[in-house]
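Peer 1: Structure incoming, see below.
The values are calculated or read from the model by the stated rules, or taken from the named source; none is laboratory data. Quick caveat: nothing in here was measured; it's all calculated off a predicted structure. Cβ: placed from backbone, ideal geometry, glycine included. Neighbour counts: every protein chain shown. All accessible areas refer to the heavy atoms of the entire protein, side chains included, with ligands and DNA or RNA removed. Shrake-Rupley method; radii C 1.70, N 1.55, O 1.52, S 1.80 Å.
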Amino acid sequence: MQGLMQNWPLTADRFLDHAKAWHGDQEVVTRSVEGPITRTTYAEIHARAKRVSNALRGLGVKPGDRIATLGWNTARHIELCYGIMGMGAICHTLNPRLFAEQLVYIINHAGDRIIFADISLLPVLAAIRSQIPVVEHVVAMTDKAHLPAGERALAYESLVERASAEFTWGGFDENTAAGLCYTSGTTGNPKGVLYSHRSNFLHTLAMLSPDVLGLSAVDVVLAVVPMFHANGWGLAFACPAAGTKLVLPGQKLDGASIHELLETEGVTFTAGVPTVWQMLLAHLRESRGKLTTLRRIAVGGSAVPEALARGFRDEFGVNVLHAWGMTEISPIGTVAAPTGATLKMDTEQQYGAALSQGRPPVMVDLTLVNDDGARLPHDGKACGRLLIKGPFVVDRYFGDDSAHKLLDSEGFFDTGDVATIDSLGFMRITDRSKDIIKSGGEWISSIEIENLVVAHPKAALAAVIGVAHDKWAERPILIVKLKPGETGTKQEFLAFLEGKIAKWWTPDDVIFVNDVPLGPTGKIDKKLIRKQFADYRLP
Ligand code: AMP
């Protein structure tokens, strides 16, 4: 027997409809790419997004077409996404930090018909224009007055102004594709994750729950994580859904610019990768700045160093909420929120739980397996491959028609991460499976050592990689970028680790470098580091 309730497809356009109807005057503030701070509301964004749908229709766009954006977080970018998705087309957020050849591959693979680009990113496109024949139009996300001299791209504002604001969104199946995001592709070619309206909708509901991001209409959210990184962590959906004030930082993510927005806009919640928060912390310490309204920072994308979490809490009274996820999971898979059991622990133990990658929200199922696929216990010790399943987890990559099955026989997706899960359900990532160091048949966690090292007062960034060793197969070496003006020795860094890790985990060498390479989503690029140290021989 079927239930007798309304069949109301869970499509993402409903979030902006809701924001317009019930939080219409709520402000959306942008540090525009052109320079000035601009202010709008959800009601205005809604009206303009409808115009975008009409403009797209005028350019011949049909449901299912891929329409790309190459832009920073701005109100225009949000209205564009809704305009694209609302009409049943697919919003493909391109990462401008990718290498040119990766962008070329991704744009052609996705078959993007139009690219909407911020003016500061037009040169990125100009450089590859002849290699992306699939693209019919480039639209510059600005008005005519700000089009760079000689630029042939259409001006976004002219396109939007001309279009009508009457457009009916939705009316399609909730499983219709809504968004496309390519993984940064640390192995092989980048892979496209094709989100559906339904997967975005359910992910948003999970995000809004109190033990995940717990956003509410009294929050002011600064969305630092770019919309092109892992579905923008879903903030473009969660903020209008909750009716939060939304602050968008544009292109400027340095400590001073972020601090200014946090204070002038009264931000209570923000989210992004650790490197951004390291820069903010350094800026605050240097400038003796304060955080007068910020309560929580969600940090993920790579592990939160303990020194970062302690710095924000002890010096600025701000809690760090550690989250783990990936592009393939829409992206949030776990969050380290407290439970009744952790609240009974002493402060240090509570910290231990808060620094783990956390527990899954409703709709996410996790399991650990060994190399033979056998389930491992949740005892905090057994370390294995982390598998995940749920309605916002990838089923197949976009355009992958091969017979290769991404999921196992039970429908689990292998995250490529290696982890433990303790008896209270807190998951801890010990490594990416391809970064793991296997020494004498046992695993060494590069992440754990790196997190300890960045707490050293002289260290700016640290990476631990495995290098070949005759007897032990692999041994760890530590690569350190020091803070400006500092000098360091191998001995002092090894002494700093003494007693904090097992003796046999101690790196065999410490190498000081001028720079540690970061990948396109702000994470340390271990693949490149391994390449740089390919000829390295242990002392
Ligand atoms: P991406 O799809 O680019 O967001 O990359 C996802 C990968 O980033 C995950 O599979 C993890 O290896 C890593 N990652 C994300 N969040 C965390 C975290 N909180 N701690 C450790 N690694 C993380």
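Peer 1: Just to check I understand the Karplus step: with θ = phi - 60° and J = 6.51 cos²θ - 1.76 cosθ + 1.60, what whole-Hz values come out for region 216-231, glycine and proline as x?
Peer 2: Per-residue couplings from phi come out as 9, 5, 8, 7, 10, 9, 9, 8, 7, 4, x, 4, 8, 9, 6, 6 Hz.
Peer 1: Something else now. Of 20/252; 458/503; 405/438; 438/527, which sit over 25 Å apart, Cα to Cα?
Peer 2: Table pairs above 25 Å Cα-Cα are 20/252; 405/438.
Peer 1: While we're here: Per residue, how much accessible area does the chain show when a 1.4 Å probe rolls over the protein heavy atoms, in square angstrom?
Peer 2: Each residue of the chain exposes 43 Å² on average to a 1.4 Å probe.
Peer 1: At a threshold of 8 angstrom on Cα-Cα distance, excluding pairs fewer than six apart, so keeping six or more, what relative contact order does region 326-410 reach in percent?
Peer 2: 25 percent.
Peer 1: Moving on to the next point. For region 489-539 and region 415-471, write down the distance between their C-alpha centroids in whole Å.
Peer 2: About 11 Å separates the Cα centre of region 489-539 from the one of region 415-471.
Peer 1: Given H placed 1.01 Å from N in the peptide plane, which residues other than close sequence neighbours of residue 437 have an amide H under 5 Å from its amide H?
Peer 2: So residue 437 has HN proximity to 444, 446.
Peer 1: Turning to a different aspect of this structure: Over region 437-532, what is the relative contact order in whole percent, taking alpha-carbon pairs under 8 Å and six or more residues apart?
Peer 2: Answer for region 437-532 is 25 percent.
Peer 1: While we're here: With +1 assigned to the C-beta of every Lys and Arg and -1 to the C-beta of every Asp and Glu, and no other charges, what is the dipole magnitude of the chain about the Cα centre in debye, to the nearest 20?
Peer 2: Around 400 debye, computed over the chain.
Peer 1: In whole Hz and in residue order, list the ³J(HN,Hα) couplings for region 246-262 that follow from phi through the Karplus curve 6.51 cos²θ - 1.76 cosθ + 1.60, θ = phi - 60°; x for Gly and Pro.
Peer 2: 10, 10, 10, x, x, 8, 8, 10, 6, x, 5, 5, 5, 4, 4, 5, 4
Peer 1: Right, here's the next one. So what's the projected area for region 357-443, the Cα convex hull averaged over all directions, in nm²?
Peer 2: Hull-based average projected area comes out at 6.7 nm².
Peer 1: Please report, for the Cα atoms of region 287-394, the Rg to one decimal and the Dmax as a whole number; what are they, in angstrom?
Peer 2: So, for region 287-394, Rg and Dmax equal 15.9, 53 Å respectively.
Peer 1: Tell me the Rg and the Dmax, in Å, that the Cα atoms of region 356-400 produce.
Peer 2: Calculated on Cα positions, Rg and Dmax stand at 12.7, 39 Å.
Peer 1: Considering only Cα-Cα distances, which of the following residue pairs are longer than 30 Å: 434/500; 389/531; 62/191; 290/500; 62/434; 245/290?
Peer 2: 389/531; 290/500; 62/434
Peer 1: Now for a different question. List the residues, sorted by chain then number, that are 5 or more residues from residue 93 or on another chain and whose placed amide H is less than 5 Å from its amide H.
Peer 2: Close amide H contacts, sequence-distant or interchain: 69, 180.
Peer 1: Which value results when the Cα radius of gyration for region 13-335 is divided by 2.2 N^0.38 Å?
Peer 2: In units of the 2.2 N^0.38 Å rule of thumb, it is 0.95.
Peer 1: Taking a cut-off of 18 Å between Cα atoms, list the aspartates and glutamates near residue 490, but don't count ones fewer than 8 places away on the same chain.
Peer 2: The reachable aspartates and glutamates, counting only those whose Cα sits under 18 Å from residue 490, are 450, 498, 508, 509, 515.
Peer 1: Then there is this: Going by amide H atoms built from the backbone, whose H comes under 5 Å of the H on residue 430, apart from near neighbours?
Peer 2: 418, 419, 420
Peer 1: How big, on average over all directions, is the shadow cast by the Cα convex hull of the chain, in nm²?
Peer 2: Projected over every direction and averaged, the Cα hull of the chain covers 27.2 nm².
Peer 1: Mind listing the Cα extents of region 437-532 along all three principal axes, in Å, largest one first?
Peer 2: Taking max minus min along each principal axis of the Cα atoms, region 437-532 gives 38, 31, 19 Å.
Peer 1: Can you list the HN-Hα couplings for region 55-67, worked out from phi with the Karplus curve (6.51, -1.76, 1.60; θ = phi - 60°), rounded to whole Hz and with x for Gly and Pro?
Peer 2: 4, 5, 4, x, 8, x, 6, 10, x, x, 5, 9, 10
Peer 1: If you average 1/r across every pair of different Cα atoms in region 163-202 and take the reciprocal, what Kirkwood value do you get, in Å?
Peer 2: So the Kirkwood estimate lands at 12.3 Å.
Peer 1: Ranked highest first by the average count of other Cβ atoms within 10 Å around their residues, in what order do 413-425, 69-81 fall?
Peer 2: Most protected by this proxy first, the peptides run 69-81, 413-425.
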